[in-house]
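K.L.:
Attaching a single structure in structure tokens format; questions to follow.
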Ligand code: NCD
């Protein structure tokens, strides 16, 4: 596959072979740093960081300098025309005419996709809110590969804020596509969002075993574990013996423990972080058991209180190595996307995922995620929200910008009411009608009011027929 001119917005933009190719080039470059000084001579990289950053920004800039290129930068929206109400699309068009490649970090989820759509030059997502951070994932995988040689079949535990941590969201998909098993150890209340789990199982196969309620009271060990993802790649004991305890499974140890800090800047309320007060700190005591003897201790950094400094000198600790490896990995990526370096990819597979049907109706449907770029005032003038229909039972739509999934409450069909207003009816999305509507005719509403404003009347099937005993929708 050819990298030239492409953007890296989510980790799905790269196939497994392309990820390996980036690592091969990073290896080659790190062995001969001084020889890379002409690789990007005459090229300009725009480094736009509208959220705090030390490692990502400086390692990208260091990477471009080590390739002999130049860097222009903006680090604060208040110092740019975004503060005057300029749209991200206009900024992208302009910066794309000053630079050959753009690296962007921005708090709105899906913002890097918009920049990639309008810039006309390759764009690298350096973190878009709580959505994804694909280059952090590349250097995380590079580190695991360097230390363990092969990623397939490994068991990686993710620890801490799995709700808002964008690094873990990209890492989950990458580990799944490379055939690793994942052990989820979230701080209570910071579990992996449902839309990430839905995409993981639908697109990467495998299965998710949740910790049974009976096991949750077992506090004797590393207790934050709530689920384990088993890759479809290899036959697995859990898959073959469904009754085996996942606590027992964890006691067999993990190949890496990926720790993350509470992403306070994304908490909805100040109380949201309470769970972290009771959450175990990753320290020598926690990792003293035999099953952690060879565990790699990883962290994207910065750390706050969740990872003890006493581990810094421990040979299992990888976090400073991870940060250092960001430079050759980003050098490789920049030069591939700029087309100034080529490298053979070991497989020809395309990175494209499932080709879901698009939601086609233009009836004002908005993404319900308030952090999505498509609902921000400055962006609604030109962004037409777009969605994919990723499941029909239950009906789930996914925003193409922030990738949040949601289950609309009501549905209607553009086909049935055509030319016959008396048939302009809406139904519960849980009724059997919902599943008979063809994707090209599907209309969805998040509330009855939305449907009625559009002139739809409730059908006999508009009341929600079925709720689970735990109160959640099916
Ligand atoms: C991470 C980020 O910004 O998402 N940091 C990084 O890029 N190395 C993790 C974090 O801030 O917690």
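Derivation of every value follows stated rules applied to the coordinates shown; laboratory data play no part. This one's a predicted model, so the numbers in the text were calculated from it and none came from an experiment. No Cβ is skipped: glycine too gets one built from the backbone with ideal geometry, and neighbour counts run over all protein chains shown.
K.L.:
Can you give the helix-only mean residue ellipticity at 222 nm for the chain, where every DSSP H stretch with n ≥ 4 adds -39500 (n - 2.57) and the sum goes over all residues, rounded to the nearest 500 deg cm²/dmol? Provide the component values of the computation, followed by the final result.
P.N.:
Numbers: 15 runs with 138 residues, N = 474.
Using -39500 (n - 2.57) per qualifying helix, the result is -8500 deg cm²/dmol.
K.L.:
Next question, about the same structure. In what sequence do 172, 197, 228, 150 fall when counting other Cβ within 10 Å, fewest first?
P.N.:
On the way: 172 25, 197 18, 228 22, 150 11.
Listing 172, 197, 228, 150 from fewest to most nearby Cβ atoms yields 150, 197, 228, 172.
K.L.:
Obtain the nm distance between the two label points defined at residue 384 and residue 366 by a simple spin-label model: each point lies 7 Å from its Cα along the Cα-to-C-beta direction.
P.N.:
1.9 nm
K.L.:
Using a Förster radius of 41 Å, what is the FRET efficiency between residue 24 and residue 86 based on their Cβ-Cβ separation? Nearest 0.05, please. The partial results should precede the final answer.
P.N.:
On the way: r = 40 Å, r/R0 = 0.98.
The calculated FRET efficiency here is 0.55.
K.L.:
Once the convex hull of the C-alpha atoms of the stretch 27-146 is built, how many Å³ does it hold per residue, rounded to a whole number?
P.N.:
Details: hull volume 12.4 nm³, N = 120.
Dividing the Cα hull volume of the stretch 27-146 by its residue count gives 104 Å³.
K.L.:
If you take the C-alpha gyration tensor of the stretch 1-41, multiply each eigenvalue by 5 and take the square root, what semi-axes do you get, largest first, in whole Å?
P.N.:
Details: eigenvalues 98, 35, 12 Å².
Over the Cα atoms of the stretch 1-41, the ellipsoid semi-axes are 22, 13, 8 Å.
K.L.:
More than 43 Å apart: what percent of Cα pairs in the chain qualify?
P.N.:
18 percent
K.L.:
For the stretch 413-458, what are Rg and Dmax over the alpha carbons, in angstrom?
P.N.:
For the stretch 413-458, the Cα radius of gyration and maximum Cα-Cα distance read 9.9, 26 Å.
K.L.:
Let me ask something else about it. Expressed in nm to one decimal, what extension gain is obtained for the pair residue 449 and residue 414 from 0.36 nm per residue of sequence separation less their Cα-Cα distance? Working shown, then result.
P.N.:
On the way: separation 35, 0.36 × 35 = 12.60 nm, distance 1.79 nm.
Result: 10.8 nm gained on full extension.
K.L.:
How big is Rg to Rh over the stretch 246-404, alpha-carbon atoms, Rh as the Kirkwood inverse-mean-distance radius? Don't jump to the answer; show the numbers that get you there.
P.N.:
Values: Rg = 21.8 Å, Rh = 20.7 Å.
My calculation of the ratio gives 1.06.
K.L.:
Remind me, relative contact order of the stretch 376-468 in percent, using alpha carbon pairs under 8 angstrom and six or more residues apart? Please list the in-between numbers first.
P.N.:
Details: 140 pairs, mean separation 23.4, N = 93.
Relative contact order, the stretch 376-468: 25 percent.
K.L.:
Under a crude label model (7 Å from the Cα following the beta-carbon direction), how far is residue 342 from residue 321 in nanometres?
P.N.:
Here the answer is 3.4 nm between the modelled labels.
K.L.:
Still on this structure: Less than 19 Å from a label point 7 Å out along the Cα-to-Cβ axis of residue 98: which backbone N atoms in the stretch 120-140 qualify, by residue?
P.N.:
So the set is 120-126.
K.L.:
By how many nm would the segment from residue 358 to residue 293 grow when fully extended, if each residue of separation counts as 0.36 nm and the alpha-carbon distance is taken off?
P.N.:
Working: separation 65, 0.36 × 65 = 23.40 nm, distance 4.82 nm.
Here the segment from residue 358 to residue 293 would lengthen by 18.6 nm.
K.L.:
Only counting other Cβ atoms within 10 Å, I'd like 416, 108, 159, 433 sorted with the fewest neighbours first. Numbers along the way, then the final one.
P.N.:
On the way: 416 15, 108 25, 159 28, 433 20.
So the ranking, lowest neighbour count to highest, is 416, 433, 108, 159.
K.L.:
Still on this model: Contact order normalised by length for the chain, with contacts defined as Cα pairs under 8 Å and 6 or more residues apart; what percent is it? It would help to have the intermediate numbers written out before the result.
P.N.:
Working: 901 pairs, mean separation 77.7, N = 474.
The normalised contact order for the chain reaches 16 percent.
K.L.:
How much of the DSSP beta bridge set in the chain is antiparallel, as a percent to the nearest 5? Don't skip to the answer; put the middle values down first.
P.N.:
On the way: 21 of 54 bridges.
Close to 40 percent.
K.L.:
Counting DSSP beta bridges in the stretch 265-400, what percent are antiparallel, to the nearest 5?
P.N.:
Details: 6 of 8 bridges.
The antiparallel fraction comes to roughly 75 percent.
K.L.:
Please state the Cα pair-distance histogram of the stretch 358-458 with 10 angstrom bins from zero: what percent is in each bin?
P.N.:
Here the calculated profile for the stretch 358-458 is 16, 48, 29, 6.
K.L.:
Can you put 337, 171, 311 in order, fewest other beta carbons within 10 Å first? All intermediate terms of the calculation are to be shown ahead of the outcome.
P.N.:
Values: 337 22, 171 29, 311 18.
Fewest-to-most ranking of 337, 171, 311: 311, 337, 171.
K.L.:
Go ahead and run the numbers for FRET between residue 422 and residue 277, Cβ-Cβ distance against an R0 of 60 Å, rounding to 0.05.
P.N.:
Numbers: r = 59 Å, r/R0 = 0.98.
Between residue 422 and residue 277 the formula returns 0.55.
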